[in-house]
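**Student:** Can you read through this structure? Questions will come right after.
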Protein chains: 2
Amino acid sequence: MMSYCLDDVRFHGELGNGVSSGFGEDGYASIEDAVKVLLKGLGEDINREGYKQKVKDIVQDALFPEAGLDNKVGHAGGAGGLVIVRDLDHFSCCESCLLPFQVKCHVGYVPSGQRVLGLSKFSRVAGIFARRLQEPQHLADEICSALHQEIQPAGVAVVLQCTHVHFPDIELHILDPNHQGWLETLVSSGSGVFEDKQADDWADFLGLLRLRGTDMEKLKFRRSSDPSWCPSLSIKVSSAIEPANPGMVAAAAKIIKSLGEDPLRKELRETPRRFVEWFRNFQNKPDMKVNWFLCGRKDPLSMNRGVDLNSERVYAELGIPFWAQCEHHLLPFHGVVHIGYFISDGFKPIGRSHLQSIIHFYGFKLQVQERLTRQIAEAISPLLGGDVIVVAEASHTCMISRGIEKFGSNTSTIAVLGRFATEVTARASFLKTIPSPASPAGQ
Amino acid sequence: MMSYCLDDVRFHGELGNGVSSGFGEDGYASIEDAVKVLLKGLGEDINREGYKQKVKDIVQDALFPEAGLDNKVGHAGGAGGLVIVRDLDHFSCCESCLLPFQVKCHVGYVPSGQRVLGLSKFSRVAGIFARRLQEPQHLADEICSALHQEIQPAGVAVVLQCTHVHFPDIELHILDPNHQGWLETLVSSGSGVFEDKQADDWADFLGLLRLRGTDMEKLKFRRSSDPSWCPSLSIKVSSAIEPANPGMVAAAAKIIKSLGEDPLRKELRETPRRFVEWFRNFQNKPDMKVNWFLCGRKDPLSMNRGVDLNSERVYAELGIPFWAQCEHHLLPFHGVVHIGYFISDGFKPIGRSHLQSIIHFYGFKLQVQERLTRQIAEAISPLLGGDVIVVAEASHTCMISRGIEKFGSNTSTIAVLGRFATEVTARASFLKTIPSPASPAGQ
């Protein structure tokens, strides 16, 4: 536990400029600073008002006259037809928990009145409504209705694929292995000829969407009877857990107000509490210990993972999920950790849940990925004979939200000790055992 | 040809605000305006100077102290190790022809001096150097050297996957069917421990890059002996073609100067001429005719494309490539056109090259995709019995460059006439015959 204490000291030093890293009683005084940090992290050009006016400005400058496209001709009645702009990547902010979520937006419309909208404007309009506190269906409806109002076409169709980060289970402090990666939902909205979901126009739209690999037949649209998509709404807070710090809840309400929203709006009333619950997952708990021995329950996943490499036996425990909170932006990052170590014939591999517990211990706090990887390597090294390799792969919410918006990006870090530090072939062999997915997670 | 003449009149009307659409003699007077339009199209926040200072500003604010990462420990000698940030999408501007090209950037570094760089800064630094007139190897070297200088790590590695739009063959006015989509090149640059491409550190870097589907073993790095990557450099301009309009060449040189570059720099000297050659592909040629009959050469690709659908025979001619120049941004868009029509048993399908010639005729000018699709449908309809469906799928350079930067986005348009206008099942059946690629082109 030495490295943990050491980091803690250094950690307080780093944030010594008035922003307390603790969420305990000493955190009350610096809520103002926290709000500033959070606001900055939430986005650099959040627009507080004037959405309607902005849409008008964007659209009016880019409506081009186009002979031959007329509503008298109609969608299927003439040569003028459906236009779709697909795979527009955006991010939004969940109104239930204040965390960012990713939006892959597809827009279709049937021109009318002999005019077409410049293609880039569909993305700009979607971006205006994405950069608010949102819920997927509401976002789809807003984009659809704004485009319909300004273009006055025969109809507008919007399909959104939204992905939200999962919530860990705050009570167990152990990650549910099924809760890896992202939670996805699919919503749609239609106006004019697209108002009826059974209309032929929808069949055409979905047929065109399929052409570049978005197979809508395999995806299920969200129904109004489905439970809310934000995982914060299904977290059961037991009475055994102390209620969220009221000062922090007030700070979260202040953030909502700063964004130009009403914290008393029905959908937002419980948001501050949920936001704080999320943060409490990453609270620095001095009394929390890695349960070094009790966590070693038998796990069927840990079987059959031995790999014979170059006549040596390297044991590879792959794809252990983790969450962490980026200490630079107070935004989550999550991904998987791969661990490799040498075992001799008589040695029994360490349980996967044991490793999971260690990863969880170092992940569930304000972190940076480089440190997390190093800390895991240092923690497991004495248990595994000193020769270990740890690879972490993560998607960082701060890389998709904020100004940078690099949606496909991800980060890998590696830490090596003992023989893995000196033998390039051992490292290369281990890396080769990690399966390369057909497509990045969450894409 | 009626629709063509009609559009031409309307087209001049649209650009009537001083920007001449013609590249003939009347174009001389409005070069100033053209330069303004082009500059705007080339990017909204091109930085003309101070690159070095900007990198320093970006990096210095985001160098975080991180205990345990030291150059005394070294990459493989301790727990501190390699960090890679992968799949950063950028665009740049080709110094040989002034067209934008896409850059997928992967950066790795081995921290040293107990400090790490905030992850988003790798993308910001890459963006600074991408937004200049560039050549892939030079871009990789600049990113690598700037990061090395400012972070002072044990080493930096940069891998770039660059994709450039193809050039059509200006002489034949017919698209080479092999010249579809993008031209790709792979370059790398290394400093410090990555200076030697045979070093173990490179093996680790490429091994980590593979984990999310970038299989470097299948990709070939560009060698210095390889011919230049920009297709404009391998276009042979025969003496039969009149030399490029000197006024336009001067205008292109002016653009280069406006970007803060020296038009007399060795690599840039011929760029204005090449840029003009590209634009001349899209010149509105009144004497150009679709060679309706001579183009009907036998094409093996047009065989076996008949599809029996619902006991009717719909013939589908799929994936005919096209290029066009977006009239709103003067930037290329390109993709494929799919054509469907009914044939009776005794009817012989029309030759693919014939359709290609028609598509080419309507594509090779300043265009918008909606109009292109409609014009193709109207032009082929009388030849194909009146029942036609035309689908165009395209990537628009204006959607990846400029402020919007939606790298994965693409646009579909559809035009239907006759029975395809009234029968939704006919449309749906045709759309189903179009194969859905595993991943979008150019991704």
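**Student:** Do we have B:GLY335 as among the small types (Gly, Ala, Ser) and either at pLDDT 80 or above or outside any loop (DSSP other than H, G, I, E, B) (or both) here?
**Tutor:** In short, yes.
**Student:** Hey, does the stretch B:393-402 have a residue that's more than 22 Å from B:THR425 (Cα to Cα), among the polar types (S, T, N, Q) and not in a strand (DSSP E or B)?
**Tutor:** Within the stretch B:393-402, one or more residues are more than 22 Å from B:THR425 (Cα to Cα), among the polar types (S, T, N, Q) and not in a strand (DSSP E or B).
**Student:** Residues of the stretch B:106-139 being more than 11 Å from every other protein chain (Cβ to nearest Cβ) and among the polar types (S, T, N, Q), which ones?
**Tutor:** B:SER112, B:GLN134, B:GLN137
**Student:** A further question follows. Give the residue that is farthest from B:VAL110 (Cα to Cα), with candidates limited to residues of the stretch A:342-361 that are surrounded by 23 or more Cβ atoms within 10 Å (Cβ to Cβ) and without any contact (Cβ under 8 Å) to a residue 60 or more places away in the chain.
**Tutor:** My answer is A:ARG352.
**Student:** Which of the residues spanning the stretch A:129-164 are under 14 Å from A:ILE58 (Cα atoms) and open to solvent by 10 Å² or more (accessible area, probe 1.4 Å)?
**Tutor:** Once the filter is applied, which keeps residues that are under 14 Å from A:ILE58 (Cα atoms) and open to solvent by 10 Å² or more (accessible area, probe 1.4 Å), the stretch A:129-164 yields A:HIS148, A:GLN149, A:GLU150.
**Student:** Hey, another quick one. I need the full set of residues from the stretch A:104-116 which are modelled with pLDDT of 90 or more and under 16 Å from A:LEU82 (Cα atoms), in order please.
**Tutor:** A:HIS106, A:VAL107, A:GLY108, A:TYR109, A:VAL110 - these are the residues of the stretch A:104-116 that are modelled with pLDDT of 90 or more and under 16 Å from A:LEU82 (Cα atoms).
Conditions (1) away from chain B (no Cβ under 14 Å); (2) at pLDDT below 80; (3) more than 25 Å from B:GLU393 (Cα to Cα), marked per residue:
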| residue | (1), (2), (3) |
| --- | --- |
| A:ILE174 | yes, yes, yes |
| A:PRO177 | yes, yes, yes |
| A:GLY190 | yes, no, no |
| A:ALA199 | no, no, no |
| A:ARG210 | no, no, no |
| A:ALA240 | yes, yes, yes |
| A:PRO243 | yes, yes, yes |
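**Student:** Okay, moving on. Looking at A:GLU393, A:GLU327, A:GLU317, can you tell me which residue is within 30 Å of A:LYS104 (Cα to Cα), modelled with pLDDT of 90 or more and not hydrophobic (A, V, I, L, M, F, W, C)?
**Tutor:** A:GLU393
**Student:** Mind checking which pairs have a first residue in the stretch A:133-145 that is of a type in the set (Asp, Glu) and a second that is in a helix (DSSP H, G or I), Cβ under 6 Å, 6 or more apart or different chains?
**Tutor:** Going by the 6 Å Cβ cut-off, the qualifying pairs are A:GLU142/A:PHE129.
**Student:** Could you count how many residues in the stretch B:75-103 are at pLDDT below 90 and at the interface with another protein chain (Cβ under 8 Å from one of its Cβ atoms)?
**Tutor:** 6
**Student:** Could you check the stretch A:92-122 and list, in sequence order, the residues that are under 23 Å from B:SER412 (Cα atoms), touching a strand residue (DSSP E or B) at 6+ places or on another chain (Cβ under 7 Å) and surrounded by fewer than 21 Cβ atoms within 10 Å (Cβ to Cβ)?
**Tutor:** Listed by number, the residues that qualify are A:GLN114, A:ARG115, A:GLY118.
Rundown of residues vs (1) touching a residue at least 24 places away in the same chain (Cβ under 8 Å); (2) out of contact with any Cys (no Cβ under 8 Å at 6 or more places or on another chain); (3) open to solvent by 10 Å² or more (accessible area, probe 1.4 Å), yes/no style:
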| residue | (1), (2), (3) |
| --- | --- |
| A:THR373 | yes, yes, no |
| A:ALA377 | yes, yes, no |
| A:ILE380 | yes, yes, no |
| A:VAL388 | yes, yes, no |
| A:GLU393 | yes, yes, no |
| A:THR397 | yes, no, no |
| A:GLU405 | yes, yes, yes |
| A:GLY408 | yes, yes, yes |
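The values are calculated or read from the model by the stated rules, or taken from the named source; none is laboratory data. Here the structure is a predicted model, which means the values were calculated and not measured. So basically every Cβ, Gly included, is an ideal-geometry build from the backbone, and we count neighbours across all protein chains shown. We work out accessible area using only protein heavy atoms, side chains counted, and drop any ligands, DNA or RNA first. Shrake-Rupley method; radii C 1.70, N 1.55, O 1.52, S 1.80 Å.
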